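The values are calculated or read from the model by the stated rules, or taken from the named source; none is laboratory data. Just so it is clear, the model here is predicted, and its values are computed rather than measured. Every residue, glycine as well, gets a Cβ built from its backbone with ideal geometry; the counts of neighbours run over all protein chains shown.
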Ligand code: NAI
């Protein structure tokens, strides 16, 4: 089975949140026609608005001409809903990248629905941060065309992309995915199918220990962030970063890695983070998290 992912393929993206919107922008900016769908109308509207703003910024900086910016935007088809009607629009896709909620059962159901509409040679990819690609592939009829393509936030900016084969993944699918991401100007690295892959595995103790420092009253959020930025050499402190990622996403990833690592205490989730999620303080996207963004500045939450 040929799994070539040339520049002519239509790229489908499901989930138009933080990651899906960014991935769709990357694909469209690289000349692909893109179909982008989300169950939430608000997410679709926000993604569309974000794309228009990103193109306006590029235009202002002289990175694109007006015609180029218009062409990028015109290549993206936005769909609200993931019912039979919307999924039918994914039929011409050579690659579909899933970037929905970090929940294995929901992702598996989506992959099964996708398999019913796409061509036999289409590649199905997950942007999961932590879930088993084998479990996603295992739920599919043709698991050999399933692969992990894990972008980082913000997808249009971050060069690193982890490409993860499941046991069943066809080598040609892995290679085509790696080559495609490289043509998109990214730096793909192949990682084995293990909880959190490379970056999210290493990042778990970083976030976890930061939360324990906070919980033990050693220092407050702003001080920990400041210390890590200033002396640790990190671009962002752990709490700023968790607010950027989304506390719901970060918490879900921690839980998933903890469980997959047979409850190794190094990866134990934090009750503090759980309470933030329960309160809807999801970070920047909710204008509240470890910091309060409602006044347009990041004020520490008391
Ligand atoms: P998000 O919460 O910003 O967006 C997820 C979107 O998926 C939402 O707009 C939601 O309406 C939609 N959605 C949920 N269930 C759906 C379904 N069944 N069908 C269609 N749409 C559905 O989340 P984010 O941050 O974009 O994460 C998405 C995926 O990417 C997750 O698997 C996450 O682990 C992964 N990821 C997240 C990163 C981050 O920094 N936020 C970085 C890399 C990967």
Inset, instruction - Would you tally the residues in segment 146-188 being within 23 Å of residue 54 (Cα to Cα), away from the ligand (no atom under 16 Å from the Cβ) and buried (at least 21 other Cβ atoms within 10 Å of the Cβ)? - result: 1
Legend entry - Yes/no for residue 52 being modelled with pLDDT of 95 or more and loosely packed, with under 14 Cβ neighbours inside 10 Å: yes
Inset, instruction - Return the only residue of 237, 232, 246 being at negative phi, touching a helix residue (DSSP H, G or I) at 6+ places or on another chain (Cβ under 7 Å) and not assigned by TED's automatic domain parsing to the domain that holds residue 99. - result: 237
Inset, instruction - Could you tell me which residue of segment 208-228 is surrounded by the fewest Cβ atoms within 10 Å (Cβ to Cβ), considering only residues that are part of a loop (DSSP other than H, G, I, E, B) and on the phi < 0 side of the Ramachandran plot? - result: 216
Inset, instruction - Taking residue 41 as the residue in question, decide whether it is without any contact (Cβ under 8 Å) to a residue 60 or more places away in the chain and touching a strand residue (DSSP E or B) at 6+ places or on another chain (Cβ under 8 Å). - result: yes
Legend entry - Verdict on residue 56 being under 25 Å from residue 148 (Cβ atoms) and either in contact with a strand residue (DSSP E or B) (Cβ under 9 Å, 6 or more places away or on another chain) or assigned to a helix (DSSP H, G or I) (or both): no
Legend entry - Filtered residues of segment 82-114 (kept if within 11 Å of the ligand (Cβ to nearest atom), over 16 Å from the mean Cα position of the chain (by Cα) and exposed (fewer than 15 other Cβ atoms within 10 Å of the Cβ)): 83, 105, 109
Inset, instruction - Can you give me the number of residues within segment 1-38 that are outside any strand (DSSP E or B) and within 16 Å of the chain's Cα centre (by Cα)? - result: 13
Legend entry - Cβ pairs under 9 Å, 6+ apart, first in segment 53-67 and without any contact (Cβ under 8 Å) to a residue 24 or more places away in the chain, second surrounded by 10 or more Cβ atoms within 10 Å (Cβ to Cβ) and part of a loop (DSSP other than H, G, I, E, B): 55/64; 57/63; 58/64; 59/65
Legend entry - Qualifying positions in segment 27-52 - within 13 Å of the ligand (Cβ to nearest atom) and out of contact with any helix residue (DSSP H, G or I) (no Cβ under 6 Å at 6 or more places or on another chain): 35, 39, 40, 41, 42, 43, 44, 45, 46, 48
Legend entry - helices (runs of 4 or more DSSP H) contained in segment 229-286 and holding at least 2 residues touching a strand residue (DSSP E or B) at 6+ places or on another chain (Cβ under 8 Å), more than 10 Å from the ligand (Cβ to nearest atom) and modelled with pLDDT of 95 or more: 238-245
Legend entry - Verdict on residue 131 being near the ligand (Cβ under 10 Å from one of its atoms), crowded, with 20+ Cβ neighbours inside 10 Å and over 30 Å from residue 53 (Cβ atoms): yes
